[in-house]
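Bear in mind these aren't lab numbers, they're just calculated from the coordinates by the rules spelled out. All figures in this text were calculated on a predicted structure; none of them were measured in a lab. Backbone-built Cβ (ideal geometry, glycine too); neighbour counts: all protein chains shown.
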Amino acid sequence: MKSIQNRLLLMLLIFIILPYFLSVFFIYSYTKHSVEQQELKNSREQLRENSTELQQYFEEMINLPYILYRDPKLFQILNNEVEDSNYLEKSLENFSLMRNEIRQIQFYMDKDKEALTVYNATASARKSKPSFLQKPFIKELYNSNIKYVIQPPHSIQNYNNSAIVPQSDKTKVITFHHKIVDVLSNEFLGTISMDVDYERYARICNNLIGKDQESVLLINEDNKIVYANDTELIGQAVSPHLQRKIERNAETGDDIILANTLSGPLDRWKLVKITPSHILFDDARKTSYTFIIVGIIIGLLGVFMISLISYKITHPLKLLTQKVRTIKGGNMNIDFNDKREDEIGYLELHIKEMMDRINLHINREYKLEIENKENRLRALKSQVNPHFLFNALQSIGAVALRSNAPRVYHLITSLSKMMRYSINANKWVKVQEEVEYIKAYLTLQMERFRKEVHYSIHISDPILNMQIPSMILQPLVENFFKHSYEEGFYDAPLNIYGEVQKSFLHLVVESYGASTTDEELKRLQENIYHSSLNSSQGHKHIGLKNIHDRLILNYGTQAHLEIDRNNGDGFIVKIAIPLEEQPLKED
């Protein structure tokens with residue numbers, strides 16, 4: 001028998017998936033061509049805009065020295081008609097400040113065969129340069145009718161070997177060499193060379209680079225690379241292979257090459273943008289991939305929906321069958337879905353009501369049995385009621401008085417106080433009550449060791465009326481006997497005092513006698529502050545660990561317990577409790 005699910009899948013492939021992928025193919029072809037043409041158009045427009053901006057910038061820099069022609073006194077100095085008295089240096093220093101990208105200026109005066117440089121708005125001393133006109137670019141400028149020469153990028157040079165130019169300055173500059181002539185006689189007077197930081201026009205060229213692996217070239221009329229984002233190409237000649245591609249503006253193949261011939265001051269220069277085709281047309285590929293992925297997702301979604309419909313119809317019946325089998329196996333706690341409004345929901349609702357009635361009878365019998373056990377347990381507990389123990393201790397105390405044994409009566413009274421206080425463990429008490437408990441404990445310990453305990457308790461009345469969690473100080477006193485008296489330090493004193501400092505209640509217990517090493521103290525602090533009570537380390541110092549954890553539980557992290565060596569003789573434990581913090585009282 002053929003499956004309905006398989007037939008639905010076949011129909012989906014024939015009537016939905018196949019037409020969809022055909023449409024994706026046609027859309028991909030059309031979109032790819034449109035996006036490619038749009039990308040080429042955008043790149044050409046961007047190339048024209050950057051070419052215009054580059055021409056304007058170079059024109060500004062080339063025309064900048066003409067400002068000097070407005071100063072008649074400067075030409076009088078060049079013709080030796082007047083004494084300059086540093087006027088020339090001041091004028092050039094001001095001129096160098098006109099553009100931020102001007103790094104250095106060299107000014108040559110042909111009459112005196114002297115040259116000076118300006119660096120960072122500071123002029124150097126004049127130096128004789130008899131062979132100055134023989135320099136490569138200067139010679140070309142001098143022997144021709146051209147007014148300026150643009151020297152390709154190079155590292156900045158110290159033209160006059162002047163101290164004002166640091167050796168550490170390796171800035172790459174492009175140099176504009178200008179011929180200075182007399183306006184009326186056209187007599188050659190000298191030259192001015194401007195070293196301009198090439199980063200300024202490099203930024204204009206780099207605006208063409210929008211994606212990785214793209215490159216830009218600025219080529220002068222001599223077919224030399226004046227700028228490239230790959231700095232190793234600067235100053236090199238353009239290869240013949242690349243030159244042929246630039247001349248035909250190759251827009252196909254692995255690389256898309258767009259070139260624009262410049263005019264004005266950059267006549268016959270070329271601005272070239274080279275983009276790998278897989279980068280330029282990346283958006284077209286992404287669009288096609290998106291169509292393909294969406295198609296696959298839609299196909300898979302259709303298959304999933306058919307499977308889901310079949311599952312939704314048959315799965316509730318399978319679940320209901322499993323529930324009935326589970327009940328048959330003896331498990332009566334089954335969750336039924338009574339929210340459905342179809343036939344399956346009707347069946348689950350009535351089976352659920354039936355199981356609720358059965359479970360009600362079972363629970364009633366079970367609770368009766370539990371109550372009987374609890375009543376018997378309460379009866380057993382009542383036989384050891386603490387009031388009975390207190391009455392028994394009072395009776396023993398009365399016998400001690402009648403037998404003329406007041407010491408025994410005093411000890412029994414101390415024990416009774418301790419038992420009553422212990423019943424209130426995990427309660428909030430006044431500091432006075434904690435102190436009374438400690439005194440009763442000390443009385444019993446003195447009787448145990450048959451020795452006088454040297455202790456002092458200095459706590460003011462306001463502190464005695466403050467409330468703290470019970471059993472906070474007693475474990476510290478107990479540790480004093482464990483680590484001092486039980487080890488033979490019978491003369492060791494115990495000091496307990498309290499004080500209020502900066503909104504904190506400080507309770508301090510100082511014990512003398514046995515102490516510990518720094519390593520053991522560090523391990524003790526680690527066990528108290530970081531180990532858990534359930535760990536083996538936490539059980540080693542359960543009293544201190546319990547005090548620390550109860551402080552944090554009741555007061556938060558502002559409360560703390562500090563333990564340290566008492567100058568190598570015993571221990572000192574400090575408890576700090578914030579007075580402004582509202583404690584979370586224990587049950």
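Remarks
- Segments 551-564, 428-441 sorted - mean Cβ within 10 Å per residue, highest first: 428-441, 551-564
- One decimal place: the segment Tyr346-Ile296 gains 14.0 nm when fully extended, by the rule 0.36 nm per residue minus the C-alpha distance.
- Electrostatic tally near Ser162: other residues with Cβ closer than 11 Å to its Cβ, Lys and Arg +1, Asp and Glu -1, net +2.
- Two-site FRET efficiency, Glu49 against Asn80, from Cβ-Cβ distance with R₀ of 41 Å, rounded to 0.05: 0.25
- Residue-count net charge about Asn100 - beta-carbon cut-off 12 Å; Lys, Arg +1, Asp, Glu -1: 0
- Averaging 1/r across all pairs of distinct Cα atoms in the range 122-170 and inverting the result yields a Kirkwood radius of 13.0 Å.
- With the highest mean first, a sort of the peptides 53-64, 227-238 on other beta-carbon atoms found within 10 angstrom per residue produces 53-64, 227-238.
- Values of log10 I(q)/I(0), in the order q = 0.14 Å⁻¹, for the range 94-148 under a Debye, Cα-only, solvent-free model: -0.45
- Each label point was placed 7 Å from the Cα along the Cα-to-Cβ direction; for Leu97 and Ser144 their separation is 3.5 nm.
- Straight-distance crosslink candidates among aspartates and glutamates, where the alpha carbon sits under 19 Å from Lys170 and sequence neighbours closer than 8 are dropped: Glu101, Asp195, Asp197, Glu199, Asp230, Glu232
- The label point for Asp549 and the one for Arg244, both projected 7 Å from the Cα toward the Cβ, are 8.6 nm apart.
- Pairs from Lys172/Lys273; Lys113/Lys135; Lys482/Lys545 whose Cα-Cα separation, in the structure shown, is over 19 Å: Lys172/Lys273
- Stretching Lys113 away from Asn566 to a fully extended chain increases their span by 154.1 nm, per 0.36 nm per residue minus the current alpha-carbon distance.
- Each 5 Å bin from zero up to the one holding the largest Cα-Cα distance in the range 136-234 carries the following percent of pairs: 2, 11, 18, 19, 17, 14, 10, 6, 3, 1, 0.
- Approximate spin-label separation Ile542-Glu486, in nm, with each point projected 7 Å along Cα-to-Cβ: 1.3 nm
- According to the calculation over all Cα-Cα pairs in the range 147-200, the P(r) per 5 Å bin from zero is 4, 18, 21, 20, 16, 10, 7, 3, 1 %.
- Links that overshoot a 26 Å alpha carbon limit, given the list Lys427/Lys451; Lys41/Lys224; Lys502/Lys522; Lys73/Lys179: Lys427/Lys451; Lys41/Lys224; Lys502/Lys522
- One decimal place: the segment Ser456-Ser277 gains 55.2 nm when fully extended, by the rule 0.36 nm per residue minus the C-alpha distance.
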